[in-house]
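Below: the structure, in structure tokens.
The values are calculated or read from the model by the stated rules, or taken from the named source; none is laboratory data. Please read these numbers as outputs of a predicted model, since none were measured by experiment. Here Cβ is always computed from backbone atoms with ideal geometry, including for glycine, and neighbour counts include all displayed protein chains. Calculation scope for accessible area: heavy atoms of the full protein, side chains included, ligands and nucleic acids excluded. Shrake-Rupley method; radii C 1.70, N 1.55, O 1.52, S 1.80 Å.
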Amino acid sequence: MLSFKTRVLSFCFLLALGSCKRETHVTFGVEEKGLYEDKALKTKNKNEAVYISVLYTNLYQTPISPSQLYKTQAVIYSIGDRNVANEMVLSNYFNTQGLNIPTNSAMRADVEAFVVDSYKRFFLRYPSEGEKTWMIQYINRNDQLSVEMIYTGFAASDEYQYY
Amino acid sequence: MRRRDFITKSAALAGAGIVAPTILKTGTAFARGGNAKAEHVVLLMFAGGVRQQESVLQRYLEDSQGVAGAAGNIMPNLFNGAAPDRKIVYGTSLPGLPPGSEPIPRLLSKTIESSGMLFREVQAQSVGHYVGLNTLLTGNSGTAQGLKTRPRYPTIFEYLRRHAGFKASECWMVANGIGNSMPLLNSSDNADYGLAYGANMFAPPITFGSYGREILANGKSYNQQELAPMYDIKRFLDQSFSLGQEQFNTVRNTEEERTRIKEFIRNVFAKQSAGQIPMPPVLHESGVPGDGYNIAYAAEIMREFKPRMLAVNIGGVDSCHSNFTSYLSALHRADHAAGWLWQYIQNNIPDIKDNTIFIIAPECGRNLKPNPILDQNDWYAFDHSDANAMRVWSLMVGSNVPQMSVGGESNPIGRLTDIVPTIADIFGIYDEVMASGYIDPLAKSMFQRV
């Protein structure tokens, strides 16, 4: 007869033996990807508050204050043509200090990168080849074109009103 | 030969069949010209709830507060009739005299009643503000109209833009604020019309008030060379996104119109700073902008854009819910501002003074019986919820408008839904508008009522 102590030890040994398993490494083939919007899926209209918040953060890289947001929202709401209101608000922003936007010389130094960045910055997507080509050619053809003018076009565009 | 004739005629008819519906849909082929009675219409929505007794019936304190012998006309620019001679509280305050005891002198040499057409007793279609305003602008009683939503039925702006071919900058709505559903009145969300045919709109207390100055007045003024590439880029980006008409979230002007409107806004702020915005001589007593302020900016829009259709809303008289004295004062000032606007058009905008029709109508009346709220003079206030609140009047003056007084207290003639058919009649698109299927079936042009 095995002693009680031996039995317990044998049981623990068997238990320890059974509990050990070789660790298996499972991989699912996931690759790192940047996620960007598709313009075809932008079907929701930004309301005034969303539009202003996103625009202000975009241009100043800092959030808008609640009081400023409220006033701007009211003013946009008080003008029948929202494009007129948005363009006026934009021209007001471009007349202030503290904007965090590329310089004109930086844009001219690498127009393609500027165009791609602008699409990502405003539309959260890459430009199609056609869009990129047109935009690069347009910038290269117009010496007087500034970042401010291009950003105004983007910020006033229909696509920027949707998400 | 006969075969050739047949083919030629068939081709011509088929071509006409294809083209005609396109022309008829926009209406531009036939609408301009026609039997237009005037080239411009200004609709003053004399809103806020105007009690028949203190306005056209001229009973002042007799009916409302039971003060015997205190009847009289407190709207001397609109209606004929002598002013009350006792308990005057609605005027301006002079030092040493009781508050409001000096009536504002009449501006017009001849009242609008004696120059135009007065419908003395008209049936309103609702006793509420927003539905009432909808009635004035849509020609429909709008019983199912919700708040905080655009009108369910097309507005007069949409009818005019679609059937008369007016541009967006030729149609204007001037709201007296952005509260409730006010800024939504420039267009309906009707599938057959909608924002593609909507009007431009400002709410002057906001657009040109302290908020507007802070947010808009510092804007850059771009010259045409700077604007062109911005519009080019926007146009390119918009083509790529291509919104359907049903997705429009705003009224749309052309680039030229947008540039002009932005320039107008900048000029208004410049004129404000220089104190050059013409205003009615007497504004609200308390110093708040009030109805006169709104009407002054409507006049600025008239001067700059010479719109074919402008609707301006005022609403100071709604203080009657809690203060009858304030209501009387607001009614007297609204009359003053209305007279000033008509005078301004006559004296300062020569291009349109002889071809404009001015229409004035409240959106609803007020109750027969008061509520229990007393004001500083111990006078009772009035809400708007009973049958008396369905009683209103309307006035029309200007090009091709006959001078006459129509109906009376015991002989109501006309409905508030008549305003839209009347404007359609003025611009020669009456049949198209009445055939739209969206107009009150009992409505008709005020010209046809007489």
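Residues A:Lys46, A:Lys120: which one is charged (D, E, K, R), surrounded by fewer than 19 Cβ atoms within 10 Å (Cβ to Cβ) and in contact with a strand residue (DSSP E or B) (Cβ under 8 Å, 6 or more places away or on another chain)?
On the way: A:Lys120 fails: in contact with a strand residue (DSSP E or B) (Cβ under 8 Å, 6 or more places away or on another chain).
It is A:Lys46.
Name the residues in segment B:178-197 that are in contact with a helix residue (DSSP H, G or I) (Cβ under 7 Å, 6 or more places away or on another chain), in contact (Cβ under 8 Å) with a residue 60 or more places away in the chain and of a type outside the set (A, V, I, L, M, F, W, C), would you?
Scanning segment B:178-197 gives B:Asn186, B:Ser187.
Can you tell me which residue is farthest from B:Phe166 (Cα to Cα) among those in segment B:250-265 that are open to solvent by 40 Å² or more (accessible area, probe 1.4 Å) and either at the interface with another protein chain (Cβ under 8 Å from one of its Cβ atoms) or not in a loop (DSSP other than H, G, I, E, B) (or both)? I'd like the intermediate steps shown before the answer.
Taking segment B:250-265 first, the residues open to solvent by 40 Å² or more (accessible area, probe 1.4 Å) are B:252, B:254-256, B:260, B:263.
With the extra rule that they be either at the interface with another protein chain (Cβ under 8 Å from one of its Cβ atoms) or not in a loop (DSSP other than H, G, I, E, B) (or both), the set shrinks to B:252, B:255-256, B:260, B:263.
Working: B:Arg252: 13, B:Glu255: 16, B:Glu256: 15, B:Arg260: 16, B:Glu263: 21 Å.
In this case the residue turns out to be B:Glu263.
Inspect segment B:140-158 for any residue being farther than 20 Å from B:Thr417 by Cβ, without any contact (Cβ under 8 Å) to a residue 24 or more places away in the chain and either of a type in the set (Phe, Trp, Tyr) or more than 12 Å from chain A (Cβ to nearest Cβ) (or both) and give the result as yes or no.
no
I'd like to check which helices (runs of 4 or more DSSP H) are fully inside segment A:102-163 and have at least 1 residues that are over 23 Å from A:Gly34 (Cα atoms).
A:104-109, A:129-141, A:147-155
Among the numbered criteria (1) open to solvent by 50 Å² or more (accessible area, probe 1.4 Å); (2) assigned to a loop (DSSP other than H, G, I, E, B), which one does A:Leu99 miss?
(1)
Just one of the numbered conditions (1) away from every other protein chain (no Cβ under 14 Å); (2) in contact (Cβ under 8 Å) with a residue 24 or more places away in the chain is not true of B:Ser273; which one?
(2)
Within segment B:123-133, can one find any residue that is within 14 Å of another protein chain (Cβ to nearest Cβ) and open to solvent by less than 40 Å² (accessible area, probe 1.4 Å)?
Taking every residue of segment B:123-133 in turn, none turns out to be within 14 Å of another protein chain (Cβ to nearest Cβ) and open to solvent by less than 40 Å² (accessible area, probe 1.4 Å).
Looking at the structure I just gave you, is A:Ala40 among the small types (Gly, Ala, Ser), within 14 Å of chain B (Cβ to nearest Cβ) and open to solvent by 50 Å² or more (accessible area, probe 1.4 Å)?
yes
Residues in segment B:297-324 that are open to solvent by less than 10 Å² (accessible area, probe 1.4 Å) and either touching a residue at least 60 places away in the same chain (Cβ under 8 Å) or in contact with a Cys (Cβ under 9 Å, 6 or more places away or on another chain) (or both): how many?
We begin by selecting, within segment B:297-324, every residue open to solvent by less than 10 Å² (accessible area, probe 1.4 Å); these are B:297-302, B:307, B:309-314, B:317, B:320, B:324.
Still in the list and also either touching a residue at least 60 places away in the same chain (Cβ under 8 Å) or in contact with a Cys (Cβ under 9 Å, 6 or more places away or on another chain) (or both): B:297-298, B:301-302, B:307, B:309-314, B:317, B:320, B:324.
Number satisfying all stated conditions: 14.
Do you know which of the residues in segment B:195-221 that are more than 7 Å from chain A (Cβ to nearest Cβ) and of a type in the set (Phe, Trp, Tyr) is nearest to A:Val75 (Cα to Cα)?
Once the filter is applied, the top-ranked residue is B:Phe208.
Report, by residue number, each residue of segment B:159-179 that is outside any loop (DSSP other than H, G, I, E, B), over 15 Å from the mean Cα position of the chain (by Cα) and either at pLDDT below 95 or within 12 Å of chain A (Cβ to nearest Cβ) (or both).
Once the filter is applied, which keeps residues that are outside any loop (DSSP other than H, G, I, E, B), over 15 Å from the mean Cα position of the chain (by Cα) and either at pLDDT below 95 or within 12 Å of chain A (Cβ to nearest Cβ) (or both), segment B:159-179 yields B:Ala168, B:Ser169.
Step by step: first the residues of segment B:237-249, then only those that are part of a helix (DSSP H, G or I) and open to solvent by 70 Å² or more (accessible area, probe 1.4 Å), then the one that is nearest to the other protein chains (Cβ to nearest Cβ). Which residue is that?
Here the residue is B:Gln239.
Scan segment B:216-236 residue by residue and report those that are assigned to a helix (DSSP H, G or I) and open to solvent by 70 Å² or more (accessible area, probe 1.4 Å).
So in segment B:216-236, the residues assigned to a helix (DSSP H, G or I) come out as B:216, B:224-236.
Correct list: B:Gln224, B:Gln225, B:Arg235.
Scanning segment B:326-376 for residues that are in contact (Cβ under 8 Å) with a residue 12 or more places away in the chain and of a type in the set (Lys, Arg), which turns out least open to solvent (accessible area, probe 1.4 Å)?
Initial filter on segment B:326-376 (in contact (Cβ under 8 Å) with a residue 12 or more places away in the chain): B:326-345, B:348-349, B:351-352, B:354-371, B:373, B:375-376.
Then drop every residue that is not of a type in the set (Lys, Arg), which leaves B:333, B:366, B:369.
Details: B:Arg333: 16, B:Arg366: 0, B:Lys369: 143 Å².
Once the filter is applied, the top-ranked residue is B:Arg366.
Provide a single number: the residues in segment B:180-194 that are more than 10 Å from every other protein chain (Cβ to nearest Cβ) and in a loop (DSSP other than H, G, I, E, B). Outline the logic, then answer.
We begin by selecting, within segment B:180-194, every residue more than 10 Å from every other protein chain (Cβ to nearest Cβ); these are B:180-181, B:188-194.
Narrowing the set further to residues that are in a loop (DSSP other than H, G, I, E, B) leaves B:180-181, B:188-193.
Residues that pass the stated criteria total 8.
Looking at segment A:58-96 only, could you name the residues that are in contact (Cβ under 8 Å) with a residue 60 or more places away in the chain and either more than 7 Å from chain B (Cβ to nearest Cβ) or in contact with a Pro (Cβ under 6 Å, 6 or more places away or on another chain) (or both)?
A:Asn58, A:Leu59, A:Asn86, A:Leu90
Find the residue count for segment A:144-163, including only residues that are farther than 26 Å from B:Phe248 by Cα and more than 11 Å from chain B (Cβ to nearest Cβ).
The qualifying residues number 1.
Any residue at all in segment B:98-106 that's basic (Lys, Arg), modelled with pLDDT of 95 or more and part of a loop (DSSP other than H, G, I, E, B)?
Yes, the conditions are met somewhere in segment B:98-106.
For segment B:40-65, how many residues are among the charged types (D, E, K, R) and over 23 Å from the mean Cα position of the chain (by Cα)?
3
One residue is enough: does segment B:151-164 have a residue meeting the conditions open to solvent by 10 Å² or more (accessible area, probe 1.4 Å) and of a type in the set (Gly, Ala, Ser)?
No; the residues of segment B:151-164 include none that is open to solvent by 10 Å² or more (accessible area, probe 1.4 Å) and of a type in the set (Gly, Ala, Ser).
With A:Gly34, A:Gly29 as the choices, which residue is loosely packed, with under 14 Cβ neighbours inside 10 Å, in a loop (DSSP other than H, G, I, E, B) and at positive phi?
None of the other options fit; the residue is A:Gly29.
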